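Where a number appears in this text, it was derived from the coordinates with a stated rule and is not lab data. Just so it is clear, the structure is predicted and the values come from calculations on it, not from any experiment. Glycine also receives a Cβ, built like all others from the backbone with ideal geometry; neighbour counts cover every protein chain displayed.
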Amino acid sequence: MKAEKFIGYQKLLSSITVECQKIDDIGNVASYIPELHHIDPNKLGVHLTTIDNQNFSFGDSTEKFSIQSISKVLALALAIELEGDNLWNRVGVEPSGTAFNSLVQLEYENGIPRNPLINAGALVICDILISHLKKPKYDFLEFTRNISENPNLNYNSKIAESEKLAGFRNASLINLMRSYGNINNDINIVLDFYFNLCSIEMSCQELAHEFLFLASDGINPVTNQRIVSSRRSKRINAIMLMCGFYDEAGEFSFKVGLPGKSGVGGGIIAIYPGNYSIAVWSPKLNKKGNSYKGMKVLESFTTKTRSSIF
C-alpha cells in the first residue's frame with residue numbers, strides 16, 4: 001500500500017469532526033446501565049490506523065471508554081478458533097430485525113440466537129469460551145492484550161457491577177436459552193463473564209489498533225501475528241456488516257458501507273478490508289442504541305474518501 005493514498009486523511013478527519021461537533025446531537029447517553037450515565041455526553045474522538053501503520057486522529061481519541069458490545073466481536077474471534085464450525089450449531093448468522101435483547105424472537109426460534117452480536121448470541125459465545133478456557137476472564141483479557149500487544153487493556157469493575165445490577169433482561173435471555181439446552185455452564189458464571197467482557201475499556205486509538213487484524217486478512221500487520229484464519233476473518237467481517245448495529249445494520253451499510261460494530265458506550269469500530277480500521281466515540285445514542293454523531297462521522301468520511309466496500 002502506498003502512503004500517498006492516505007495524504008489528506010488527517011485534514012479530512014479534522015474537518016469532518018469539527019463539522020459534526022456543531023450538529024445538534026439528538027441522542028442520549030445510555031442510562032439503563034447507571035455507571036455509563038456519568039459520561040460526559042459531549043466527548044467526540046476518532047482514530048484511523050492503516051494496515052501499514054499510519055495513524056490519523058482527532059478530538060478525544062486517547063481517552064478510554066467502555067467498548068461494551070464491540071467486545072462481542074473479539075469474543076467471537078476467539079470462540080471460532082476454539083470451537084470451529086460447530087459454533088454455528090448454537091448461534092445463527094442472520095440479522096435480528098428486532099431489539100438486541102428481544103425475548104420474543106429467541107423463544108420463537110427455540111433458544112437459538114439469530115447472530116453472535118446480539119445479547120443472546122454473545123451469551124452463547126461466553127458459554128462456549130467458559131467451556132474451553134481454564135480462567136475465562138483472565139484468558140480472554142490476555143487474548144485482547146496479545147492481539148495488539150497492549151498490556152494496558154483491562155476490565156472496569158464498576159461498570160461490570162453496574163451492568164450486573166441492571167442485567168434482568170440478560171438473565172431472562174440466558175435462562176430461556178438454558179431451558180432449550182443451549183447453555184451448558186452455570187448461568188451466574190456466564191453472566192459474570194459477559195458483564196466483564198462488555199466493561200473492557202479502550203480509547204479510539206487502542207480500539208483501531210485492536211481491530212486492525214480484520215482489515216488485514218486475519219493477521220495483525222504490525223506484529224505479523226495471525227489472529228484468525230483468512231476464511232474466518234472474512235466471515236467475521238460479513239457478520240459485522242449484516243448484524244453489527246442491532247436492527248440498524250442495514251442503515252449503517254447503506255450510509256457508511258463498511259463492516260462495523262457499535263457499543264452502547266458510544267463507540268463504533270469500522271473496517272475497510274485491505275486498508276484500515278477506524279474507531280469513533282461519541283456517547284449520545286440514537287433510538288436504535290448506536291452513536292448518533294459516530295455514524296455521522298463515518299458516513300461523511302466514507303463518502304468523501306469513497307472508501308465504502310460497495
Going down the table (22/261; 234/288; 72/134; 11/287), which pairs top 22 Å between alpha carbons?
22/261; 234/288; 11/287
Quote to one decimal, in nm, the extra length available between residue 179 and residue 303 on full extension: 0.36 nm per residue of separation minus the C-alpha distance between them.
40.0 nm
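For a protection proxy built on the mean count of beta-carbon atoms within 10 angstrom, sort 88-101, 131-144, 64-77, 289-302 highest first, please.
Final packing ranking: 64-77, 289-302, 88-101, 131-144.
Taking 0.36 nm per residue of separation and subtracting the Cα-Cα distance, what length does fully extending residue 54 through residue 88 add?
Working it through step by step, the gained length comes to 8.6 nm.
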Treating the chain as a set of equal point scatterers at the Cα positions, no solvent, please give the Debye-formula log₁₀ I(q)/I(0) at q = 0.11, 0.14 Å⁻¹.
-0.60, -1.01
I want the antiparallel fraction of DSSP beta bridges within the chain, as a percent rounded to 5.
100 percent
Fewest-first sequence of 307, 31 by Cβ atoms within 10 Å of each Cβ:
31, 307
Which whole-Hz couplings ³J(HN,Hα) result when phi for each residue of the range 297-303 is put into the Karplus expression 6.51 cos²θ - 1.76 cosθ + 1.60, θ = phi - 60°, listed in order with x for Gly and Pro?
4, 5, 4, 5, 5, 5, 5
Using packing as a proxy for protection, rank 118-128, 149-159 so that the peptide with the highest average count of other Cβ atoms within 10 Å comes first.
118-128, 149-159
Restricting everything to alpha-carbon atoms, can you work out Rg to Rh for the range 40-160 with a Kirkwood hydrodynamic radius?
1.01
